[in-house]
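Asker: To start, I am sharing the structure in question, which I have written as structure tokens.
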Amino acid sequence: MKKNRGFVLLMVVSAAVMILGGLLVSLFLLASTAKRTYYYHERLEAYYLCEAGVSRGLALLKSGGGVPPQAGTVDFTLGDKAYRVKYEISGSSSKPTVRGLVTMASGNTYYLKVGGERQQWPFFIKGMMPPLMD
């Protein structure tokens, strides 16, 4: 029985290390999934906020008040969070580019760009096709 004591201790320590390693890997995977989910929701929120900024710039272009270059801001409140979305109109009058930019609480800045040299008009906004450049 005394001969096996060292072997049993080695097996118990090995099992404890393997269980601890499995727990650490599980915690790491759980934390990375939570972080990925948070940034997914942030990107989705930022996309729609940028789309709102682009919509404001496109409305200015359509009304004739958005002669490039021009910039402005729009304030939004979603739930208990307040956002400031910036829009920029650049390029020429015949080939304008509209960008919507937003900086989220995490410090990440997102933007959405429409138009430019390839003239990506008309731009679909939430399933409707507005007459943008008529």
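Asker: I'd like the GluC sites (Glu not before Pro) in region 34-109 restricted to DSSP loop residues with at most 11 other Cβ atoms within 10 Å, sorted by number.
Answerer: none
Asker: Here is a follow-up. 7 Å from Cα along Cα→Cβ at both residue 93 and residue 44: what's the point-to-point distance in nm?
Answerer: 4.3
Asker: What number comes out for the charge environment of residue 104, summing +1 per Lys or Arg and -1 per Asp or Glu over other residues with Cβ under 10 Å away? Could you put the intermediate results ahead of the total?
Answerer: Details: positive: 43, 81; negative: 42, 45.
Charge balance near residue 104 sits at 0.
Asker: Another question about this same structure. Roughly what % of DSSP beta bridges within region 2-115 run antiparallel, to the nearest 5?
Answerer: Percent antiparallel among DSSP bridges in region 2-115 is about 100.
Asker: Residue separation times 0.36 nm, minus the C-alpha to C-alpha distance between residue 36 and residue 12: what's the value?
Answerer: 5.0 nm
Asker: Sticking with this one: Return P(r) of region 2-115 (all Cα-Cα pairs; 5 Å bins starting at 0; whole %; ordered from short to long distances).
Answerer: P(r) for region 2-115, in whole percents per bin: 2, 11, 15, 13, 9, 8, 7, 5, 5, 4, 4, 4, 4, 3, 3, 2, 1, 1, 0.
Asker: If you don't mind, another one. Order the peptides 19-30, 97-108 from the highest to the lowest mean number of other Cβ atoms within 10 Å of their residues.
Answerer: Values: 19-30: 10.0, 97-108: 17.4.
Listed from highest to lowest mean packing, they are 97-108, 19-30.
Asker: Using the Karplus curve 6.51 cos²θ - 1.76 cosθ + 1.60 with θ = phi - 60°, work out ³J(HN,Hα) for each residue of region 72-78 in order, rounded to whole Hz, and write x for Gly and Pro.
Answerer: Computed from phi, the couplings for region 72-78 are x, 10, 10, 9, 10, 10, 10 Hz.
Asker: Multiply the residue separation of residue 28 and residue 63 by 0.36 nm, subtract the distance between their alpha-carbon atoms, and state the gained length in nm to one decimal.
Answerer: 7.4 nm
Asker: Which of 112, 9 has the fewest other C-beta atoms within 10 Å, and how do the rest follow up to the most?
Answerer: Arranged by neighbour count, lowest to highest, 112, 9 become 9, 112.
Values in this text are rule-based calculations from the coordinates and carry no lab data. Remember, it's a predicted structure, so these values are computed and weren't measured experimentally. Here Cβ is always computed from backbone atoms with ideal geometry, including for glycine, and neighbour counts include all displayed protein chains.
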